[in-house]
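Report on the following structure.
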């Protein structure tokens, strides 16, 4: 399983191992399953993400998360942090960036729907 390294920083993130299934050439090269684990000797699975695999609503295909759902979780978490004692400029900037990404994702989805390719394996 390929390892993901984008999260690693010098402050402990390296203790989290992220793997994914093999890139799927029939799905624009995307992976569909991501597993997060903590630990060296005793490994504890702390999370899994299952993304949509194949067109939406097609029988026999994994119905999983889309990007907007994952972004919504992160936005909710940062909104909670900003409403509590850990509010700060860095969190505010992260929240703004996540909202921007979600807006871009929604625009992309609307554009694909408008072209009649939403849910199809077409560019």
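Overview of values
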read-out	value
Residue-span extension gain [residue 79 to residue 100] - 0.36 nm each, minus C-alpha spacing	6.1 nm
Gyration tensor verdict on the chain (Cα atoms; rounded if a/c is under 1.5, prolate if a/b is larger than b/c, oblate otherwise)	oblate
Choice from 47, 64, 84 with maximal GNM fluctuation in the chain (Cα, 10 Å cutoff)	84
Shape category assigned to the range 67-116 from the gyration tensor of Cα positions, a/c cut at 1.5	prolate
Anisotropy class of the range 1-65 from Cα gyration tensor, a/c 1.5 cut	prolate
Separation of alpha-carbon centers, the range 1-24 and the range 44-110, rounded to whole Å	18 Å
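No lab work stands behind these numbers, since they all come straight from the coordinates. It should be emphasised that the depicted structure is a prediction, and the values quoted were computed from it without experimental measurement.
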